[in-house]
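Some notes on the structure that comes next.
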Amino acid sequence: MKKHTRICIVCPAGCHLEILEDDHGEFTVSGNTCPRGKTYALNEMRDPRRVVTAVVPVNSGKTPYLPVKTDAPLPVPLIGRLLKKLYSMRLALPAKAGMVLIRDFEGTSVNVVLTRGAEEQER
Amino acid sequence: MKTENADIAVIGAGAAGLSASAVCARAGLRTLVIDREETPGGVLLQCIHNGFGLHYFHEELTGPEYAERLLEKARSAGVEFRMESAVMKLCDLGNEKELTVYSGADGVTVIRAKAVILAMGCRERSRGNLAIPGDRVAGVITAGLAQRFLNIDGFLPGSSAVIVGSGDIGLIMARRLTWCGIQVKAVVEILPYPSGLSRNIAQCLDDFHIPLRLSTTVTGIHGRDRVESIGIAPLVNGEPDLSREEIIPCDTVLFSVGLIPENELSRQCGVEINPSTNGAYVDGSLMTGVPGIFACGNVLHVHDLVDFVSEEAENCAANAVGYVKNGPPTMEKQLRTIAADNLSYVVPNACRRGVPTRFYMRPKVLCRRAELLVKKGDGTVLLRKKLQYVKPAEMITADLPAESTAGCPDTAELRFELRPEEEAKV
């Protein structure tokens, strides 16, 4: 029997989760106040994922960077590679919020979308 | 000099100003929003992380997305924006309020409005506010400024950092710096518990094994031109234990040590400020002591969720609309609210009898289970609410229904008390 603890990050309530792992690798979750907490705890044990937010460089003097997010949580081991790819991009304007910049990153079916748009720079 | 007339002038185009102005314009009132920045959205525009909107929009959004939704609401309602404009002076002329506004494009403009909504938000406390000893070197900035550098301007503030204070902005920045390749060596907190939300400790510090040093203070910032190291020491009986001082090499120190509501304009025009919130005293309709001037959002009291800001701002705006359409309410004696046991404040500071009211309050204590009681002066309990995981970092809300205050005599007071039932494990 092994005990793990996590703080749930699904919503601002931040429930303190307790996860008991028995000898057969089965998990029992307690401390959650909603079903999403249980799902989060099980994912933390089997395949931890996080939503990634960052900025990408833009080809514009007025708007040097624009913010992006993954549209679903990404497996934690892939975060470093995604960030590297984002920082090496060069986005052209105009660009609209919601635009998909990267589709199906490394076969995870997670997309990267722009969270703020910008017009072309005025001359 | 240009002059303009409006029904309602809203100062600030952040979450509070945008949410409030949409309500005013939708009610058919000419609504002007004045803000110093180039684009509306306020601090949300630099908060590129997700976690906003779960209560208000029922989905998880990033800051820029949340701002865009509010802006869309305001624009479609017909709100007019005066951007890159600073309000220099606010005057109460009785039935009208006068705002002296300066902008590069128009010079000085005088705006006359029937009501004003204060929505200026906060600024950050800085090293100077804390009197941190040591050298005056480059590389010492507030967490919010670092956030702006990274997320809007695209500058890296340094290569290795220590964050002082465990407020949410500091925690979010710990993750952001790490994801930008900057090494975060520690987060130092003077209190025995973290000031930010638990989920941010989990996803911004624990994920990256960043140490959180509780009950620890800064003994000095050292360097010649640029920060070279920071000294920290544990607190023992309120004093730093210098025998256990530790010097951490780093080139950047970020301060995330609280926010100060920007109430210079409010004070100037005679609005009385509550020392326990640093925001205005407001009545049950979120009107300040100056009739016709209302306040909402972080300029009223510091919120931990933007969703509550939107909700409070909409409520405030609905009252401002009523004030403009029906004229000042007849003198009505409201019930005074008192933050008693274990609460540092309650907003609003009064409650209209027989009007359902939402109260926001901040606990002074950390506990696992607690009960919130709202009592009338004679001890009658009007409301009981069970709470889980009470902590100063998280605001408490309570709704008092109309019927519970309808029969109160006008001399009654409402006492808010928090009763801890089980101690928290730190």
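The values are calculated or read from the model by the stated rules, or taken from the named source; none is laboratory data. In this text, all values refer to a predicted model and were calculated from it rather than measured experimentally. Positions of Cβ are backbone-derived with ideal geometry, glycine not excepted, and every protein chain shown enters the neighbour counts.
Within segment B:337-362, being in a strand (DSSP E or B) and either among the polar types (S, T, N, Q) or farther than 14 Å from B:ILE396 by Cβ (or both) holds for B:THR337, B:ILE338, B:SER344, B:ALA350, B:CYS351, B:THR357.
Looking across segment A:17-70, the residues that are within 11 Å of chain B (Cβ to nearest Cβ), in a loop (DSSP other than H, G, I, E, B), closer than 30 Å to B:LEU44 by Cα and not hydroxyl-bearing (Ser, Thr, Tyr) come down to A:PRO48, A:VAL51, A:VAL52, A:LYS62, A:PRO64.
Set side by side, the residues B:GLY284, B:GLY289 differ, and just one is farther than 24 Å from B:SER198 by Cα, touching a Ser or Thr at 6+ places or on another chain (Cβ under 6 Å), away from chain A (no Cβ under 14 Å) and part of a loop (DSSP other than H, G, I, E, B), which is B:GLY284. Identify all residues within segment B:138-155 that are free of Cβ contacts under 8 Å to residues at least 40 places away in the same chain and within 11 Å of another protein chain (Cβ to nearest Cβ); write none if there are none. Selection gives B:PHE149, B:LEU150, B:ASP153, B:GLY154, B:PHE155. Any idea which residue in segment B:37-82 is farthest from the other protein chains (Cβ to nearest Cβ), counting only those that are touching a Lys or Arg at 6+ places or on another chain (Cβ under 7 Å) and more than 18 Å from A:THR53 (Cα to Cα)? Among them, the one singled out is B:ALA77.
In segment B:98-192, counting only strands (runs of 3 or more DSSP E) that sit wholly within it, the ones holding 3 or more residues that are buried (at least 16 other Cβ atoms within 10 Å of the Cβ) span B:107-118, B:140-142, B:160-164, B:183-188. Here is a list of conditions, (1) within 28 Å of the chain's Cα centre (by Cα); (2) touching a residue at least 60 places away in the same chain (Cβ under 8 Å); (3) farther than 29 Å from A:PRO57 by Cβ, and B:GLY238 meets all of them except one; can you say which number that is? Among (1) within 28 Å of the chain's Cα centre (by Cα); (2) touching a residue at least 60 places away in the same chain (Cβ under 8 Å); (3) farther than 29 Å from A:PRO57 by Cβ, the lone unmet condition for B:GLY238 is (2). Taken over segment B:265-307, the criterion of being farther than 20 Å from B:GLY94 by Cα, among the acidic types (Asp, Glu) and modelled with pLDDT of 95 or more is satisfied by B:ASP307 alone. Just one of (1) farther than 25 Å from A:CYS8 by Cα; (2) within 14 Å of chain A (Cβ to nearest Cβ) fails for B:CYS316. It is (2). Taking segment A:73-95 as the range and being within 11 Å of another protein chain (Cβ to nearest Cβ) and either outside any helix (DSSP H, G or I) or touching a Lys or Arg at 6+ places or on another chain (Cβ under 7 Å) (or both) as the test, the residues that pass are A:PRO73, A:VAL76, A:ILE79.
Taking the criterion of being within 14 Å of chain A (Cβ to nearest Cβ), in contact (Cβ under 8 Å) with a residue 24 or more places away in the chain, of a type in the set (Lys, Arg) and in contact with a strand residue (DSSP E or B) (Cβ under 7 Å, 6 or more places away or on another chain), would at least one residue in segment B:356-374 satisfy it? Walk me through how you get there before you give the answer.
Of all residues in segment B:356-374, those within 14 Å of chain A (Cβ to nearest Cβ) come to B:366-369.
Checking the rest, the ones that are also in contact (Cβ under 8 Å) with a residue 24 or more places away in the chain come to B:366-369.
With of a type in the set (Lys, Arg) added as a condition, the list becomes B:368-369.
Now drop any that are not in contact with a strand residue (DSSP E or B) (Cβ under 7 Å, 6 or more places away or on another chain), which leaves B:368-369.
Scanning segment B:356-374, I find at least one residue that is within 14 Å of chain A (Cβ to nearest Cβ), in contact (Cβ under 8 Å) with a residue 24 or more places away in the chain, of a type in the set (Lys, Arg) and in contact with a strand residue (DSSP E or B) (Cβ under 7 Å, 6 or more places away or on another chain), so the answer is yes.
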